[in-house]
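Asker: One structure coming up, written as structure tokens, with questions to follow.
The values are calculated or read from the model by the stated rules, or taken from the named source; none is laboratory data. Just so you know, these numbers come straight off a predicted model, no measurement behind them. Here the Cβ positions follow ideal geometry from the backbone for every residue, glycine too, while neighbour counts run over all protein chains shown. We work out accessible area using only protein heavy atoms, side chains counted, and drop any ligands, DNA or RNA first. Shrake-Rupley method; radii C 1.70, N 1.55, O 1.52, S 1.80 Å.
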Amino acid sequence: QVQLVESGGGLVQAGGSLRLSCAASGTIVSIDVMDWYRQAPGKQRELVAVITSGGRTNYADSVKGRFAISRDNTKNTMYLQMNSLKPEDTAVYYCHSTPKLPDGRMYSYWGQGTQVTVSA
């Protein structure tokens, strides 16, 4: 019923940039918080960046100054601009949110994940 669709992953050289998108669709009343996670091989899933409906943001220390999270509330779409990419940024990136549904319920939803590979 509610889907998060990610796009923008790919292969990039170190120092390059990528922009990830996550579009939420379905019968959604509102979305307060949306966030990006990533998981590298052999690593635990890590919170990368968070954004509220009001535009407040927070970032993992490892990406501060390089990544920028944003959203377009009219489209229920979230973005992650990734600059100065490093090989250590290589991971599967996941979109996550807990939208409010018409019946007042809230469920946790995850995107399918998009692969980001940064070559040295």
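Asker: Please report, as a whole percent, how much of the solvent-accessible surface of segment 12-115 comes from carbon and sulfur atoms (probe radius 1.4 Å). Could the numbers behind the result be given before it?
Answerer: Working: 2610 of 5450 Å².
It is 48 percent, rounded to a whole number.
Asker: While we're looking at this one, here's another question. Obtain the nm distance between the two label points defined at K64 and S7 by a simple spin-label model: each point lies 7 Å from its Cα along the Cα-to-C-beta direction.
Answerer: The modelled label-to-label distance comes out at 3.3 nm.
Asker: Test of the criteria: in segment 1-92, which trypsin sites (Lys or Arg not before Pro) are in a DSSP loop and have at most 13 other Cβ atoms within 10 angstrom of their Cβ?
Answerer: Values: sites: R19, R38, K43, R45, R56, K64, R66, R71, K75; in loops: K43, R45, R56, K64, R66, K75.
Sparse-neighbourhood loop trypsin sites (Lys or Arg not before Pro): K43, R45, R56, K64, K75.
Asker: Shape call for the chain from the C-alpha gyration tensor, a ≥ b ≥ c root eigenvalues: rounded (a/c under 1.5), prolate (a/b greater than b/c) or oblate?
Answerer: The shape class here is prolate.
Asker: For E46, E6, E88, give the ranking by accessible area with the largest first, probe 1.4 Å.
Answerer: Descending accessible area places them as E88, E46, E6.
Asker: With every protein chain kept in place and ligands, DNA and RNA left out, what is the accessible area per residue of the chain? Probe 1.4 Å, answer in Å².
Answerer: 53
Asker: Same structure, new question: Per q in 0.17, 0.27, 0.28 1/Å, what log10 I(q)/I(0) does a Debye calculation on the alpha-carbon atoms of segment 47-93 return?
Answerer: The Cα Debye sum returns log10 ratios of -0.50, -1.07, -1.12.
Asker: Let me have the relative contact order for segment 23-110, percent, based on Cα pairs under 8 Å that are six or more residues apart.
Answerer: Relative contact order here is 35 percent.
Asker: Run through the DSSP bridge list for the chain and note the antiparallel percent, rounded to the nearest 5. It would help to have the intermediate numbers written out before the result.
Answerer: Details: 39 of 43 bridges.
In the chain, DSSP labels about 90 percent of beta bridges as antiparallel.
Asker: Something else about it: Give me the net charge for the shell around A91: Cβ to Cβ below 12 angstrom, other residues only, Lys and Arg +1, Asp and Glu -1.
Answerer: +1
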